[in-house]
Ligand SMILES: [Zn+2]
């Protein structure tokens, strides 16, 4: 069912994939990443001047083992003609911030805590690692690499050195064991990219990116017993250095965002397959015209969803989309 197509563009030959029948790809990001620490952290932040509740992402917390198990069960309820269930790619952030250690050092720098070593401080998600692994074992989850801490450590270091209101906001959030809330501080950037960095288009150097990708892959292997084969950059911010670093670690599939438009999959010069998402199920998008999206998104359909953290809101449209594809994914 998989065929190669040679596209001739500007005299260059690009390898691409075509499919003889529609495919639906399910991809979801930010697994393993903590946000606002449940009710207690929420109340603490509100008591300290952060007016939480203004936007949906103020409610981003972290999936529980029950959420993960419920998602696995939902996927297991669907089958193809051979009885196989759909498999969703879960892209993991492999580290959180070690808030207690950072606090002991005066909150002057970022210290990462690998997800394989558990969750930081008073965060509690009993059985979460086991729930991920169980879904993988059942074949309904496929773990992919997102990154380590998601944000630009360079941007954070600069803010801390400067000691202005940005540092103050970070300190308040960190005291509540929340790493950041992106919409309140977009200057925090993404793992490989700082929007305010004038050099290299804001991207980390090749060497810095390689170091970060290797570190993330190491933790990923500790978590899942194998190296990742697919990756999606935090915020979709990647450049050729990122792709090279990924390919050197054995990653063969790169997931790109909807911002790139409707583009067919292609194979880059590192021999990695690039996929482009064309349907977003985001908690911040209340009204989704699923029919229209499915019509526009000619196959292969690549769906991204953040389910567990906002489950009640996001799971329904996904179920509806699965039903409306007219086939099991
Ligand atoms: Zn992300």
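The values are calculated or read from the model by the stated rules, or taken from the named source; none is laboratory data. In this text, all values refer to a predicted model and were calculated from it rather than measured experimentally. Reconstructed Cβ throughout: ideal geometry from the backbone, glycine too, with neighbour counts over all protein chains shown.
The table below lists the values:
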{"item": "Failed item in (1) in a helix (DSSP H, G or I); (2) out of contact with any helix residue (DSSP H, G or I) (no Cβ under 6 Å at 6 or more places or on another chain); (3) crowded, with 22+ Cβ neighbours inside 10 Å, with residue 73 passing the rest", "result": "(3)"}
{"item": "Qualifying residue in the range 208-217 (condition: in contact (Cβ under 8 Å) with a residue 12 or more places away in the chain, within 16 Å of the ligand (Cβ to nearest atom) and touching a helix residue (DSSP H, G or I) at 6+ places or on another chain (Cβ under 7 Å))", "result": "yes"}
{"item": "Conditions (1) within 21 Å of residue 142 (Cβ to Cβ); (2) within 16 Å of the ligand (Cβ to nearest atom): number failed by residue 279", "result": "(2)"}
{"item": "Flag for residue 53 being closer than 22 Å to residue 113 by Cβ, outside any strand (DSSP E or B), away from the ligand (no atom under 16 Å from the Cβ) and out of contact with any helix residue (DSSP H, G or I) (no Cβ under 7 Å at 6 or more places or on another chain)", "result": "no"}
{"item": "Residue within the range 172-181 that is farther than 21 Å from residue 94 by Cβ, away from the ligand (no atom under 16 Å from the Cβ) and in contact with a strand residue (DSSP E or B) (Cβ under 9 Å, 6 or more places away or on another chain) present", "result": "no"}
{"item": "In the range 104-136, the residues that are in a helix (DSSP H, G or I) and farther than 17 Å from residue 67 by Cα", "result": "104, 115, 116, 117"}
{"item": "Count of the range 77-103 residues which are closer than 24 Å to residue 277 by Cβ and part of a helix (DSSP H, G or I)", "result": "0"}
{"item": "Subset of the range 137-153 [buried (at least 16 other Cβ atoms within 10 Å of the Cβ) and more than 19 Å from residue 33 (Cα to Cα)]", "result": "140"}
{"item": "Residue check, residue 186 crowded, with 22+ Cβ neighbours inside 10 Å, within 16 Å of the ligand (Cβ to nearest atom) and modelled with pLDDT of 95 or more", "result": "no"}
